[in-house]
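The values are calculated or read from the model by the stated rules, or taken from the named source; none is laboratory data. In this text, all values refer to a predicted model and were calculated from it rather than measured experimentally. In this analysis, Cβ positions are derived from the backbone assuming ideal geometry, glycine residues included, and neighbour counts consider all displayed protein chains. We work out accessible area using only protein heavy atoms, side chains counted, and drop any ligands, DNA or RNA first. Shrake-Rupley method; radii C 1.70, N 1.55, O 1.52, S 1.80 Å.
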Amino acid sequence: MDYAVLTGIVLVAGVLLALVAQWRDWRPPLYVAVLVGVAVRVLIMYTSAIDSWQPVDFMESFKPAGEAVLQGKDPVLASEGGWHFLPTIPYVYGILLWLGIPWEYAGRLVTVVADIVLIPLVGKLAGGPKSSLRALQYALNPLALLIASVHGQVEPVALVFGVAAFVVARGPGDPDRPGITTDVVARVRNGVSAYGVGPSVRRVLGRGGMLRRALLPGSTDRADLRRGLLAGLLMGLALCAKSWPIWLIPGMLLLLPHLRARIAALAVTGLVPVFFLLTSPIFAGTTLDEIPAVIRTIQDIRPIVGEWGYTPWFTGGDWALMPGLASFGTKLIYISVVAVLLLWRRADPIDLTTAILLVFMVMTPRLGAQYLLWFMPFLVARPTRWAWPAIIGASTWAAFGYLYMTQFSVNDWWYLHRDWSRASIVLLPVLLLAMPWGRRVAKPGSRAAAVGAAAKVTSAA
């Protein structure tokens, strides 16, 4: 990498500025945070585009996917399995290539624009008087700069839709308390007066019972239903970018005010990817008999381990195909996520989501540096005591791979990779400590606490 020193200076300066902003409690206008984010991202995108080193998957997977769409071919099949997701982002790649924009810029433009939009969304997700501070800190986040501007990985695209879904699902509320909607307390009180004391069957199935209220829209609930539909649409678009935003769905659903809105959101979340799959014969040149092969390719995840965490210690620090270890790690993820859902069941949904994403990073048997961006918007928006050690540690590990290891030949890179991948195990306890352990129960007055109160009211009625 030709501009590693310049990029490193920008990253370190950004971290120092973000820490000073935290120490001095700076709360700049939102437009300042956005302008800072635009400046650093465009600078690094430019130097990365003219660099002699380009990421392998950026050139050999992402570019062929965009060219395939431009040629009227399916990007999953035409790129020989190099693109393992729905053709949504390749459509954008194809348009930019059609406009004549060189690929080194076009491929990164998609992710840089998405990451810029994430800046105000992180502020909105944070809420309260420190929202602009959180937006500035994400604007300077070193890992976001590396993933969006250097690598051109599509994580920012998935995140911009996923975080937007959270913001929409939460709806209007007290800006000082993330996750609070103004109508929750009224709903709880109305529930008390509506249910009263009577036979349990009447409370559930009667005219004003729980089931009818949950499934039949009232005039006051239509706005909530529209909110659920829009949140589901955004989350569905996140899934069209990549499959991992499935871990964001529980938090989004919990932010919605009632069962009907959650059902609507979940239904639309699933329909959007199906729409892009079924319309691929129109827009991506896929034949009907090729759709099963596309689905198999999208679902196919090779059991490559040895990049991160505990698995490099079984592979000597190299990549390896180890189905047994990959299967063990996958089961470990599922068990850990269930445990998190139980431990944080009364937490703010944003904290629950942060915990899910962090425990995934600790337990996963396979990981690319871009995965570490998943939790960044949520952890920056609602930081914990160990948030900055986790942010700096993950960013330093990734930066070593992007900026230092790319200075060497392929053989030397593999030797460095052995120590680099095994060193990642040091970050696992840091990520565990960064989980919102002190916020497993939402504070009084928060939306999560109000939902819990509503549950107690209905069970006691």
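Miscellaneous remarks
- Some residue of region 248-261 being open to solvent by 40 Å² or more (accessible area, probe 1.4 Å), part of a helix (DSSP H, G or I) and within 18 Å of Phe85 (Cα to Cα): no
- Checked against the criterion of being surrounded by 14 or more Cβ atoms within 10 Å (Cβ to Cβ), modelled with pLDDT under 95, among the small types (Gly, Ala, Ser) and in contact with a helix residue (DSSP H, G or I) (Cβ under 9 Å, 6 or more places away or on another chain), the candidates Gly206, Gly228, Gly232, Gly196 yield just one match: Gly206.
- Residue among Thr286, Thr269 that is in contact (Cβ under 8 Å) with a residue 12 or more places away in the chain, open to solvent by less than 30 Å² (accessible area, probe 1.4 Å), among the β-branched types (Val, Ile, Thr) and more than 19 Å from His84 (Cβ to Cβ): Thr269
- Scope region 73-126; condition outside any helix (DSSP H, G or I), free of Cβ contacts under 8 Å to residues at least 60 places away in the same chain and buried (at least 20 other Cβ atoms within 10 Å of the Cβ); matching residues: Ser79, Trp83
- Leading residue by the ranking (modelled with the lowest pLDDT) among those in region 289-307 that are among the acidic types (Asp, Glu) and surrounded by 13 or more Cβ atoms within 10 Å (Cβ to Cβ): Glu290
- Flag if Pro365 is outside any helix (DSSP H, G or I), surrounded by 23 or more Cβ atoms within 10 Å (Cβ to Cβ) and either of a type outside the set (Phe, Trp, Tyr) or touching a helix residue (DSSP H, G or I) at 6+ places or on another chain (Cβ under 7 Å) (or both): yes
- Only one of Ala390, Ala347 that is in contact with a strand residue (DSSP E or B) (Cβ under 9 Å, 6 or more places away or on another chain), crowded, with 22+ Cβ neighbours inside 10 Å, closer than 25 Å to Ser131 by Cβ and at pLDDT 95 or above: Ala347
- Selection of region 35-69 for residues being of a type in the set (Ser, Thr, Tyr) and in a loop (DSSP other than H, G, I, E, B) yields only Ser52.
- Set Ala135, Ala148, Ala144: member being part of a helix (DSSP H, G or I), crowded, with 23+ Cβ neighbours inside 10 Å and touching a Phe, Trp or Tyr at 6+ places or on another chain (Cβ under 7 Å): Ala144
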